[in-house]
Amino acid sequence: MKILIATHNPGKLKRYQNLFADFANLELLSLKDLNITTKIDEPHNDPEENSIFKAKEYGKISLLPTIAIDEALSTNFLPENEQPGVFVRRFIKEKRELNDLEVIDIWKKISQLYPGKNRRFIWDFRMSYFDVQSNFLKTTKSIQNDFLANKFSKKINPGYPMSSFLIPEGYNKTYVELGSKDLLKIDKNNLAPFSTLLKSILVKQ
């Protein structure tokens, strides 16, 4: 079964290709594989609505079953009016999307403004699956907890700049300093609902 992962982000693409790598009878395709250069906007303030919107729009373009993922971020130390929400790379809706280095730089400044221990990041991930042929839509949710490191790593994972300064719950190293086995283990635990949903879809095929 061919399924499109609707993202232009190389880090996100690699992450989910690894997560679903051992699924039998599944061929994951990227937007690049299909020469799709269109970038669909994320017009909503809710990650579920954004994931549904992207899955449907890219499904219409590709005519393939499509998976789209979106996320919202909250913290336990920023004021309510400064929480990133779905604007993780923009912070404020009207601003342009930040590149990797700009994301790291702005969080360095935030880290200095809000010092302390146990600065927690709570991620609300939503994955939507849409089959344009049958008009079938299904969405699921995953929660991930991370902590802000006191020291930012000099390494950068393209597409995932926050991995340079976020530490997964239960670990003492930033994501970018962890090996591939640990990263996959973390994702299989945190994103288990995504795998469960996809498995249920494949079983029905």
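Data table
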item	result
Region 156-173 residues that are within 13 Å of Trp123 (Cβ to Cβ), paired with ones that are open to solvent by 70 Å² or more (accessible area, probe 1.4 Å) and part of a helix (DSSP H, G or I) (beta carbon under 8 Å, 6 or more apart)	none
Tally of residues being under 19 Å from Ile110 (Cα atoms) and in contact with a Lys or Arg (Cβ under 7 Å, 6 or more places away or on another chain) across region 161-205	2
Test set (1) without any contact (Cβ under 8 Å) to a residue 40 or more places away in the chain; (2) crowded, with 17+ Cβ neighbours inside 10 Å; (3) not basic (Lys, Arg) - Val132 fails condition number	(1)
Leading residue by the ranking (nearest to the chain's Cα centre (by Cα)) among those in region 10-39 that are open to solvent by less than 30 Å² (accessible area, probe 1.4 Å) and either aliphatic (A, V, I, L, M) or at positive phi (or both)	Leu19
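The values are calculated or read from the model by the stated rules, or taken from the named source; none is laboratory data. All figures in this text were calculated on a predicted structure; none of them were measured in a lab. Positions of Cβ are backbone-derived with ideal geometry, glycine not excepted, and every protein chain shown enters the neighbour counts. These accessible areas exclude ligands, DNA and RNA; they are computed on the full protein's heavy atoms, side chains included. Shrake-Rupley method; radii C 1.70, N 1.55, O 1.52, S 1.80 Å.
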